[in-house]
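The values are calculated or read from the model by the stated rules, or taken from the named source; none is laboratory data. What you see is a predicted model; the values in this text were computed from it and never measured. FYI the Cβ positions are ideal-geometry reconstructions off the backbone, even for glycines, and counts take in every protein chain you see.
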Amino acid sequence: MPQLYGEHSWQIPNQLGPATALARNALAWANDFPIADQAKYSLRLALEEILSNTVNYGYTDQADHRISVWISIDSELIRIELVDDARPFDPTRQPKPDIAYNVQMGIPGGFGIELVRRICRHMGYRREEDRNCITLHIESAEPESESELAATKEHSP
């Protein structure tokens, strides 16, 4: 059974400054736990990418909105749930970008969701009433080898 290290939740306005600050604060909080440095980096990257997408593209008005973030860290996984009232958007249904083509043609952006997809063991989405609920699972322990990492990804839910 995994050992729970801690859980924390935040609520921020739909603004880039608070989104960036939340990613930094979550990393500082996670530094207190015995998890892999790669897991900490992945936690911050995932938060920055998902939150910036939500803030930049999710809202069609200038009103204040709240974004909720809950994180649980144990000896096996970092579990993240982000909830917002932005336009419906399912990141799990976004096609994988043609990275080589986009770079060659100078097409900017479009890689954030793919980065998050690659660093997570699991990425899930559900729409509950008028809210997007994104769940991310990131390995918190250092894999013993590349083959162990590959086997873990193959058997993930």
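Cβ-Cβ distances below 7 Å connect the following pairs, each with a first residue in the range 92-114 that is more than 23 Å from HIS137 (Cβ to Cβ) and assigned to a loop (DSSP other than H, G, I, E, B), a second residue that is modelled with pLDDT under 80 and not acidic (Asp, Glu), and a separation of six or more residues or different chains: GLY110/PRO97; GLY110/ASN102. The set of residues in the range 115-137 being of a type outside the set (A, V, I, L, M, F, W, C), touching a strand residue (DSSP E or B) at 6+ places or on another chain (Cβ under 9 Å) and not in a loop (DSSP other than H, G, I, E, B) consists of ARG117, HIS122, GLY124, TYR125, ARG126, ARG127, GLU128, ARG131, ASN132, THR135, HIS137.
Each row is one residue, and each column tells you yes or no for (1) polar (S, T, N, Q); (2) surrounded by 15 or more Cβ atoms within 10 Å (Cβ to Cβ); (3) modelled with pLDDT under 95.
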{"position": "GLN62", "(1), (2), (3)": "yes, no, yes"}
{"position": "SER68", "(1), (2), (3)": "yes, yes, no"}
{"position": "ILE73", "(1), (2), (3)": "no, yes, no"}
{"position": "ARG79", "(1), (2), (3)": "no, yes, no"}
{"position": "ASP84", "(1), (2), (3)": "no, yes, no"}
{"position": "ASP90", "(1), (2), (3)": "no, no, no"}
{"position": "ARG93", "(1), (2), (3)": "no, no, yes"}
{"position": "ASP98", "(1), (2), (3)": "no, no, yes"}
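Of all residues in the range 67-88, those being under 13 Å from the mean Cα position of the chain (by Cα) and either among the acidic types (Asp, Glu) or not in a strand (DSSP E or B) (or both) number 1.
Restricting the range 29-38 to residues that are surrounded by fewer than 20 Cβ atoms within 10 Å (Cβ to Cβ) and part of a helix (DSSP H, G or I), the residue that is nearest to the chain's Cα centre (by Cα) is GLN38.
Within the range 68-112, the set of residues being among the aromatic types (Phe, Trp, Tyr) and farther than 29 Å from ALA36 by Cα comprises PHE89, TYR101.
The condition (being touching a helix residue (DSSP H, G or I) at 6+ places or on another chain (Cβ under 7 Å) and either closer than 16 Å to ASN132 by Cα or aromatic (Phe, Trp, Tyr) (or both)) is satisfied by just one residue among ILE73, ILE67, ILE78, ILE119: ILE67.
When restricted to residues that are under 16 Å from the mean Cα position of the chain (by Cα) and of a type in the set (Phe, Trp, Tyr), the range 3-17 contains 1. Yes or no: GLU48 under 20 Å from THR135 (Cβ atoms), among the acidic types (Asp, Glu), modelled with pLDDT of 95 or more and assigned to a helix (DSSP H, G or I)? Judged against the criteria, GLU48 is a match.
THR54 meets the conditions (1) touching a Ser or Thr at 6+ places or on another chain (Cβ under 9 Å); (2) buried (at least 17 other Cβ atoms within 10 Å of the Cβ) in every case but one. The failed one is (1).
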